[in-house]
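Since the structure comes first, as structure tokens, the remarks are kept for the end.
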Amino acid sequence: MVAPVGTGYGAAAIDIPERGIYGPFFSKIGKCTNPNFRDAGLAVALVDLWIIEYLAAEKRITPKDVIVVGQSAGGWASIALSSMSPSQVKAIIVFAAGRGGRVGGRPNNNCAPDKLVEATADFGRTSRVPMLWIYIDNDTFFGPDLSKRMHAAFTAAGGRAEYHLMPAFGSEGHFFIGSPDAVPLRSPIVTTFLDAQK
């Protein structure tokens, strides 16, 4: 298993404002009046692909059997990665994936939900990697209504994604993946999905 640290958490940060990419970890997507969700996702996806290619060249991973897992903005980058249909990636699992959530620190206040759905559909047009999307009912970054719209747009465009909405978890479902108490809840879903990819 390899767990790369999010881009920019180290010493260097990348800033390309004209493409909506900002350090320290591509957290910004430009202005909410016209957010660049697509390029921000693709920028991190490209870094993910470089890591996969490097590890394959170093013979540290088995090419064509890579399982990518991402959460929140990392999950969004994983959806973007799927649009590249990388030959090394067998499946992708995302938890609470998206961008632009909780603008101004306010719950259920996405920067531009229609633009996020539009960018998700764009990724779906070229995505052919089997995916598992897990969202949580009380996620205040990407709530059920938004995540269902994203999934519908992605699959209508041709993407392959199995969607699961988990019941409310703790006080903030967005951080479901980080809790040991969530492991027995998500494990059967993840195991069934991965078994189907064999």
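Structure values in brief
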{"quantity": "Qualifying residues in the stretch 48-84 (those that are surrounded by 14 or more Cβ atoms within 10 Å (Cβ to Cβ) and in a loop (DSSP other than H, G, I, E, B)) - the one modelled with the lowest pLDDT", "calculated": "P63"}
{"quantity": "Positions within the stretch 141-198 being farther than 30 Å from G104 by Cβ, free of Cβ contacts under 8 Å to residues at least 60 places away in the same chain and aliphatic (A, V, I, L, M), in sequence order", "calculated": "A156, A157, V183, L185, I189"}
{"quantity": "Positions within the stretch 124-173 being part of a helix (DSSP H, G or I) and touching a strand residue (DSSP E or B) at 6+ places or on another chain (Cβ under 7 Å), in sequence order", "calculated": "P144, S147, H151, F154, T155, G173"}
{"quantity": "I177 vs. criteria within 17 Å of the chain's Cα centre (by Cα), modelled with pLDDT under 95 and crowded, with 16+ Cβ neighbours inside 10 Å", "calculated": "yes"}
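The values are calculated or read from the model by the stated rules, or taken from the named source; none is laboratory data. In this text the structure is predicted, and so the values were computed from the model without any measurement. Methodologically, a virtual Cβ is constructed for each residue, glycine included, from the backbone with ideal geometry; neighbour enumeration extends over all protein chains shown.
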